[in-house]
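In what follows, a single structure is set out as structure tokens and then discussed.
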Amino acid sequence: MKKVFHLHAMNRLKMLALSLSLVFCVILITASSETALSSSRSTRSVHILYDSTTPAGLLANMNTMFTSSVQAFDNTFGLNFTVAGISQTSLLNGGSCPHSNINQPCVHSNFYCGSYCNGNHHKSDSRLLDRLPNNYPAHTLGVVGHYLCYQEGLHYQSGGMALGIYERNALITNEWPSPLNYLVQHELSHNLGAPDHGGLVDCVMRNGNPYVTSVWCPSCSLIIQRNI
């Protein structure tokens, strides 16, 4: 009886060892799958267009500026923006204006270019944004060295403007008090469906000072994740 018990015990030990091996293999496979999923990346290309007023220093470091700005999307959402090309265009040129009247208000329309405000030449952000080519599914980012403006009843200075998820165009200006990396992140977030909003929670999309970079609130994060 002892011998029989010993053989049964050995068989049970073998079966237990086999079961543990199978469990270990399942764990390894699951862990590998989760690792592959977590390290997966989405990639979008961006065409950068700039105008003749763009400062030489910014132009020389355009690729570096953009790459460092969009790193936060990769870190937060696994979304990698890559530069498809950088080229100059006259479509965004702030050096000419068809209005001879310098007091002409900035009208939120394609048909007006802007006005002089406090001695600085502004251009309507919506007008210039509409002039950018639609390279969907790629993004197009316009960069200007002159002031931008918009009008909602009153005339305001603008840091940039962007279209939504189906027309991935964005526009920013070097003439704005917040850092360029904030403007890049803010306008590209509009391309991903995130809206402007108020509140006290830190977010790239929050209106007003202080401007927050590389942080998205839970609501905007959820919207961006859905549109990647």
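The values are calculated or read from the model by the stated rules, or taken from the named source; none is laboratory data. These numbers come from a predicted model, not from an experiment. Cβ: placed from backbone, ideal geometry, glycine included. Neighbour counts: every protein chain shown. Just so you know, the surface numbers come from the protein's heavy atoms only, side chains and all, with ligands and any DNA or RNA stripped out. Shrake-Rupley method; radii C 1.70, N 1.55, O 1.52, S 1.80 Å.
Restricting to segment 183-228, count the residues that are touching a residue at least 60 places away in the same chain (Cβ under 8 Å), hydroxyl-bearing (Ser, Thr, Tyr) and not in a loop (DSSP other than H, G, I, E, B).
Here the count works out to 1.
Which one of these is closer than 22 Å to residue 124 by Cα and open to solvent by less than 10 Å² (accessible area, probe 1.4 Å): 163, 183?
183
Suppose we filter 167, 175 for residues that are in a loop (DSSP other than H, G, I, E, B), closer than 18 Å to residue 83 by Cα and either modelled with pLDDT of 85 or more or under 22 Å from the mean Cα position of the chain (by Cα) (or both); which single one remains?
167
Let me spell it out: the conditions are (1) at pLDDT 95 or above; (2) open to solvent by 50 Å² or more (accessible area, probe 1.4 Å); (3) outside any helix (DSSP H, G or I), and residue 40 meets all of them except one. Which number is the exception?
It fails just one condition, (1).
Is it fair to say residue 150 is open to solvent by 50 Å² or more (accessible area, probe 1.4 Å), in contact (Cβ under 8 Å) with a residue 24 or more places away in the chain, in contact with a helix residue (DSSP H, G or I) (Cβ under 7 Å, 6 or more places away or on another chain) and not basic (Lys, Arg)?
yes
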